[in-house]
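The values are calculated or read from the model by the stated rules, or taken from the named source; none is laboratory data. Fair warning: this is a prediction, and the values are worked out from it, not measured in the lab. Positions of Cβ are backbone-derived with ideal geometry, glycine not excepted, and every protein chain shown enters the neighbour counts.
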Amino acid sequence: MPRLSASERATRTPSQRVTPVQERARQRIDGILAATAGLLQAQGIEAVSMLAIAEAAGMTPATVYRYFDNRIAVFAALAERTMAEVDAALTSKLQAMAAAEALSAKALLDLLYRAYRDAPGYVAILRALRAEPALQELVAESNRRMAAVIAEVLAARTNLSLARAGRIGWILSEICEEVVEAALVAEAREARALMAEMTEMVEVLLAHYLAQAK
């Protein structure tokens, strides 16, 4: 597994230096993240330095440093953007299923796994930064968002209290995140097996709780 340097491991709060307001700044940050994703996908995390990012983005290193403290901050921003996009897609899917009175764990989990698997650079970041506190907080925040949506659907479709639905939503989101992370870094056959087992378990749980319909 790629290793972080001692200085990078010591960095507790990698951050984006500038919050983009003007369109030019947003375009530069988009360019930095796109270049980083391409490098990660093509070369792996060890080949990605701030200089390499700058060259791939067609910018000077000073410009990249204007927006990000270090490469860990760039990785965190890329991971955060990917998680937000996946969360939005999952939320939309869940809400559509709830409205149609049909919940499919397989459809949701397939969407979750494939979205992260296919997101440029995300698996490379995951391999190297699973223990990075800043990234783990992003994961926890994503889990909280998904837990809230699951709880809302369960509370609306069953006689569960909102508090109990919230606990169930949190447990499901935490378990799914752990298994999806493991599947993303596993070889293909094991990844399919992990996702199949989790899907079956979640389907059983959802059927149990949805049987308690109002």
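If ALA186 meets every condition in (1) of a type outside the set (Val, Ile, Thr); (2) surrounded by fewer than 18 Cβ atoms within 10 Å (Cβ to Cβ); (3) in a helix (DSSP H, G or I) apart from one, which number is that one?
(3)
Going through the stretch 44-53 one residue at a time, which ones are hydrophobic (A, V, I, L, M, F, W, C) and either part of a helix (DSSP H, G or I) or assigned by TED's automatic domain parsing to the domain that holds PRO120 (or both)? Steps first, answer last, please.
Within the stretch 44-53, the subset hydrophobic (A, V, I, L, M, F, W, C) is 45, 47-48, 50-53.
If the condition is that a residue be hydrophobic (A, V, I, L, M, F, W, C) and either part of a helix (DSSP H, G or I) or assigned by TED's automatic domain parsing to the domain that holds PRO120 (or both), then ILE45, ALA47, MET50, LEU51, ALA52, ILE53 are the ones that fit.
Considering only the stretch 115-156, state which residues are modelled with pLDDT of 85 or more and among the basic types (Lys, Arg).
Answer for the stretch 115-156, where residues must be modelled with pLDDT of 85 or more and among the basic types (Lys, Arg): ARG117, ARG144, ARG145.
Rundown of residues vs (1) hydroxyl-bearing (Ser, Thr, Tyr); (2) at positive phi; (3) in the same structural domain as GLU177 (by TED's automatic domain parsing), yes/no style:
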site	(1), (2), (3)
GLU55	no, no, no
GLY58	no, yes, no
PRO61	no, no, no
ALA84	no, no, yes
SER92	yes, no, yes
LEU112	no, no, yes
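When both residues are 6+ apart or on different chains and their Cβ atoms are under 7 Å apart, which pairs have a first residue that lies in the stretch 100-129 and is farther than 11 Å from MET195 by Cα, and a second that is modelled with pLDDT under 85 and not in a helix (DSSP H, G or I)?
From the stretch 100-129, the pairs are ALA124/GLY44; ARG127/MET1; ARG127/PRO2; ALA128/MET1; ALA128/PRO2; ALA128/LEU4.
So, in the stretch 152-183, how many residues would count as being touching a Phe, Trp or Tyr at 6+ places or on another chain (Cβ under 7 Å) and closer than 21 Å to LEU111 by Cβ? Reasoning before the result, please.
Going through the stretch 152-183, the residues touching a Phe, Trp or Tyr at 6+ places or on another chain (Cβ under 7 Å) turn out to be 154, 158, 160, 168, 180, 183.
From what's left, closer than 21 Å to LEU111 by Cβ: 154, 168, 180, 183.
Number of matching residues: 4.
Where residues in the stretch 154-182 are in contact with a Leu (Cβ under 9 Å, 6 or more places away or on another chain) and among the basic types (Lys, Arg), which of them is nearest to VAL123 (Cα to Cα)?
ARG164
Please verify whether TYR65 is among the aromatic types (Phe, Trp, Tyr) and either touching a residue at least 60 places away in the same chain (Cβ under 8 Å) or closer than 30 Å to GLY169 by Cα (or both), treating the condition exactly as stated. Outline the logic, then answer.
On the way: among the aromatic types (Phe, Trp, Tyr): yes; either touching a residue at least 60 places away in the same chain (Cβ under 8 Å) or closer than 30 Å to GLY169 by Cα (or both): no.
Here the answer is no, as TYR65 does not meet what is asked.
Identify the residue in the stretch 35-73 that is more than 22 Å from the chain's Cα centre (by Cα) and of a type in the set (D, E, K, R) and, among all such residues, is nearest to LEU184 (Cα to Cα).
Per the stated criteria, the residue is GLU55.
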